[in-house]
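Visitor: Before I ask anything, let me first share the structure, which is written out below as structure tokens.
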């Protein structure tokens, strides 16, 4: 006895769902393709821009600040590194706080002031795009600083480990007898 298996749900089921809204099959296919493109674009944007909000940028800069303090506490900086990294950290901190404090120009307008809807949309889109670009640039610099600070920490811990090994290693030709 052969059993009949129905077709498994796939793209056809999604198109049937769009048909429930009263769309014909061609329009449903166009909307289905549009939705798929939007989902793919969403994941590409999330991958390309891992830091998209001022709050996540502030978290990354705080992490860099904590790493800087850890390097300073360990004495991991070489000559000139402290000043260079400190200047970069101050610039990143001021950049992140400036981006976080930015408001859209329309939000600061008086209640009676209004402009056209098209102009508002364009201004808001350009404001959000510029802010995203600034967040990405600041995030990139913060990641570079974090990597450099991690290298300083690894170098310092490696140097300390080598020093401790040298302190424990017996000196050739020198023998100490135990006193009982």
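Visitor: Checking residue 129 against (1) exposed (fewer than 12 other Cβ atoms within 10 Å of the Cβ); (2) at pLDDT below 90; (3) over 17 Å from residue 103 (Cα atoms), only one condition comes out false. Which one?
Guide: Evaluating residue 129 over (1) exposed (fewer than 12 other Cβ atoms within 10 Å of the Cβ); (2) at pLDDT below 90; (3) over 17 Å from residue 103 (Cα atoms) leaves (3) as the failure.
Visitor: Continuing with the same structure: Quick one: which of 86, 118 is at pLDDT below 85, in a helix (DSSP H, G or I) and either farther than 26 Å from residue 48 by Cα or in contact with a helix residue (DSSP H, G or I) (Cβ under 7 Å, 6 or more places away or on another chain) (or both)?
Guide: Numbers: 86 fails: at pLDDT below 85.
Exactly one of 86, 118 is at pLDDT below 85, in a helix (DSSP H, G or I) and either farther than 26 Å from residue 48 by Cα or in contact with a helix residue (DSSP H, G or I) (Cβ under 7 Å, 6 or more places away or on another chain) (or both), namely 118.
The values are calculated or read from the model by the stated rules, or taken from the named source; none is laboratory data. Note that this is a predicted model, so its numbers are computed, not measured. Positions of Cβ are generated from backbone atoms using ideal geometry, with glycine treated the same way; all protein chains shown enter the neighbour counts.
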